[in-house]
Structure formats: C-alpha cells, structure tokens
Amino acid sequence: MPVEFRDLRWAIVASQHRSLRQAAEELRIKQPTLSRCLRSLEHAVGSKLFDRSNGGTRPTMEAREFLEDARRIVASTEAMTARLKIRSRGESGRLIIGVHTSLSAGNLRATLLDHRRRFPDVHRQFVDGASDHLISDLTSSAVDIAVVTESYPSWSDKSLLLWSERVVAALPAEHPLTSRHLIRWGELKGEQLLISQRGPGPEFLKLLISKLGALDAFTLPRHEMAIEQLLPLVGVDGGILLALEGATGANYPGVTFREVHDSEGPTRMSFRAYWRQTNSNPSLRPFLDLLRERYPDLSAASGEA
C-alpha cells in the first residue's frame with residue numbers, strides 16, 4: 001500500500017508526544033482520526049510503529065529509523081514546496097532587463113534598488129544595446145522587459161510610459177562652454193560630438209537632426225562603445241558627448257556636465273517600458289507592479305500585464 005505524505009507528518013508529530021490526545025490537539029484533528037491514521041500507516045509499511053499502553057504512546061525501536069527518514073523526506077518536500085511557491089509569486093528566479101541608459105543615477109537606478117530591496121532572491125541580468133536591438137530581443141524572448149527612450153507606435157503588445165530625464169552635454173573641463181550654466185542647441189554647431197552606436201546614441205542623433213537640421217556642421221565620430229565608456233574620452237579632450245542626467249551620478253575626471261536647452265527650456269527624453277503579455281516569467285509581474293506603484297498616474301493606459 002502507498003504511504004501518504006500526510007500520514008508521515010502525523011506520525012512524526014505523534015512521536016514527539018507521549019499522548020495521542022496532545023498530538024491530535026497540535027494537529028487540530030480528533031484523536032480517533034489520528035489513531036486510525038497511525039494504524040493505517042503501520043499496515044502500509046508492514047511494521048508496528050508505536051507501542052500503546054496506559055502510560056501513553058511511544059515509537060517502537062523499529063520505528064525510530066523509519067521516523068528519522070520520514071523527517072528528512074517531509075522537511076525536504078516542504079522546503080521544495082516553499083521554494084516553488086516563492087518562485088511562482090516571482091519572489092525568486094531570474095529577470096532579464098534590457099536597458100540603454102546609465103545605471104549610475106536617476107529613476108532607473110532608484111527603481112532597480114527598490115526592486116532588489118523587495119526581492120533580494122531575484123537575479124537581475126542586464127542587456128545593453130540600442131533600442132531597436134532591445135525591442136528585437138524582446139520579440140525573440142531574449143529579454144523579459146526593455147526600458148528604452150524611443151517610442152514604438154508599431155509595438156502592438158504591452159508598454160508603460162515611465163519617467164523623463166534631462167539631456168545633458170558632457171564637456172571637457174576646460175571647454176569654453178563650461179563657463180555657461182546651460183547650453184543652447186545652436187551652440188553645439190561646429191563642435192566635435194561623440195556619438196555612441198549603442199544605448200541611446202541613435203536617439204541622440206535623431207534629436208540633433210530634429211533640433212538643428214542637417215549635420216554637415218558637425219564632426220561626428222561614431223563609436224561602438226557604451227556612453228559610460230565614451231565619457232572618459234571627453235575628459236581627455238575627445239569631444240562633447242550627449243547623455244542623460246542619469247550619467248551624472250558617476251565622477252569622470254576632467255568632465256563637466258551642462259543641461260541642453262531649447263526655446264521651451266530643458267530638453268527631455270521620456271522612458272517607456274515594453275514587454276510581451278504572453279511572457280510567463282513569474283518574476284516579471286512584481287517588477288511591473290513596482291513600476292506602476294512608482295508611477296501611478298501613468299499606469300491606467302498600460303492595461304494589465
């Protein structure tokens with residue numbers, strides 16, 4: 001006869017008490033129910049497990065090894081079940097996040113720190129790249145969620161508008177423009193502007209065209225490097241680099257940051273999160289819930305995950 005997992009648990013509790021009445025009270029069952037369970041278990045294993053007398057109920061010599069094995073089985077099964085429940089709630093596991101902005105400061109860094117504090121057992125893996133590449137990775141399930149600055153009207157799945165960040169120019173410390181509190185777009189004409197082919201670099205190039213038209217007046221060396229890797233080049237007089245305010249959270253020797261303004265004030269880039277509704281990763285939903293919690297005024301348009 002098969003041995004029921006419940007019967008093992010009840011037998012373990014019974015072995016810890018000299019009285020079946022006390023064991024039944026702990027299990028919140030009736031004493032006759034516990035007694036029938038123990039006799040059924042003895043029948044299933046073909047051995048007497050408890051000595052019953054007026055002085056109480058005690059495990060037999062043969063039962064001690066059996067009950068010790070039962071404790072290991074029950075403990076292991078309960079631990080496995082607890083891990084599965086935690087995993088199904090998204091409180092453990094892995095979450096792959098596509099990003100193309102600096103993590104040194106700003107809203108994304110604050111969000112990730114909050115997520116790590118709440119879900120320390122979730123392993124976060126980051127994928128860096130241009131927004132087009134990250135959206136492609138999202139489509140192919142290479143990432144669970146992508147946080148990018150570009151708007152994709154053709155995206156037919158889920159998205160959520162998040163925060164916006166100011167556009168800044170990273171200048172060599174001795175550059176004449178550092179004497180100003182802010183920079184106008186027109187003042188960048190004739191300058192050497194470093195352009196990253198990764199991260200938000202392509203978006204900065206589009207922004208330059210929208211603000212200044214043709215790029216004939218610029219020297220635009222393009223690099224297959226992330227913005228964080230290009231910033232040290234600015235410090236050795238390698239040119240001016242457009243970045244987002246999140247990049248200002250780290251210290252780069254010889255680099256000074258200034259906001260870039262147009263006629264309406266600071267230029268800003270908005271961030272949006274993209275994900276697939278059919279994504280079955282349990283760790284995704286708590287992250288989405290956190291984003292909606294931090295930006296409740298933007299959550300209504302996003303719908304359910």
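The values are calculated or read from the model by the stated rules, or taken from the named source; none is laboratory data. Every value quoted in this text rests on a predicted model; they were computed, and no experiment measured them. Cβ sites come from the backbone with ideal geometry, for glycine too, and all protein chains shown count toward neighbours. Protein only, heavy atoms only, side chains kept; ligands, DNA and RNA dropped before computing areas. Shrake-Rupley method; radii C 1.70, N 1.55, O 1.52, S 1.80 Å.
Please compute P(r) over all alpha-carbon pairs of the range 40-194, binned at 10 Å starting from zero, and give each bin as a whole-number percent.
8, 21, 19, 15, 11, 9, 9, 4, 4, 1, 0
Find the percent of Cα-Cα distances in the chain that exceed 25 Å, and round it to a whole number.
Counting every Cα pair in the chain, those more than 25 Å apart make up 62 percent.
Quick one: grab the alpha carbon gyration tensor of the range 85-154, order the square roots of its eigenvalues as a ≥ b ≥ c, and give me rounded if a/c is under 1.5, else prolate or oblate depending on whether a/b is larger than b/c.
oblate
If you roll a 1.4 Å probe over the heavy atoms of the protein chains, what accessible area per residue do you get for the range 114-187, in Å²?
Ligands and nucleic acids excluded, the result is 50 Å² per residue.
How large is the dipole of the range 54-172 about the Cα centre if only Lys and Arg carry +1 and Asp and Glu carry -1, each at its Cβ, rounded to the nearest 20 debye? Please list the in-between numbers first.
Working: 16 positive and 15 negative charges, 104 e Å.
For the range 54-172, the charge dipole is close to 500 debye.
What accessible area, in Å² to the nearest ten, does a 1.4 Å probe give for ARG83?
Counting only protein heavy atoms, ARG83 exposes about 150 Å² to solvent.
Net charge within 15 Å of LEU113 by Cβ-Cβ distance, Lys/Arg positive one each and Asp/Glu negative one each, not counting LEU113 itself?
So the environment of LEU113 carries a net charge of +4.
To the nearest 500 deg cm²/dmol, what mean residue ellipticity at 222 nm is calculated for the chain from DSSP H runs of n ≥ 4 alone, each contributing -39,500 (n - 2.57), summed and divided by the residues?
-12000 deg cm²/dmol
Please list the equivalent ellipsoid semi-axes of the range 131-271, computed as the square roots of five times the alpha-carbon gyration tensor eigenvalues, in descending order and whole angstrom.
Computed over the range 131-271, the values are 27, 16, 15 Å.
What whole number of Å gives the distance from the Cα centroid of the range 167-206 to the Cα centroid of the range 9-60?
78
Of all accessible surface on the chain at a 1.4 Å probe, what whole percent is carbon and sulfur? Present the calculation step by step, with values, prior to reporting the outcome.
Numbers: 7830 of 15950 Å².
The nonpolar share, carbon plus sulfur, comes to 49 percent.
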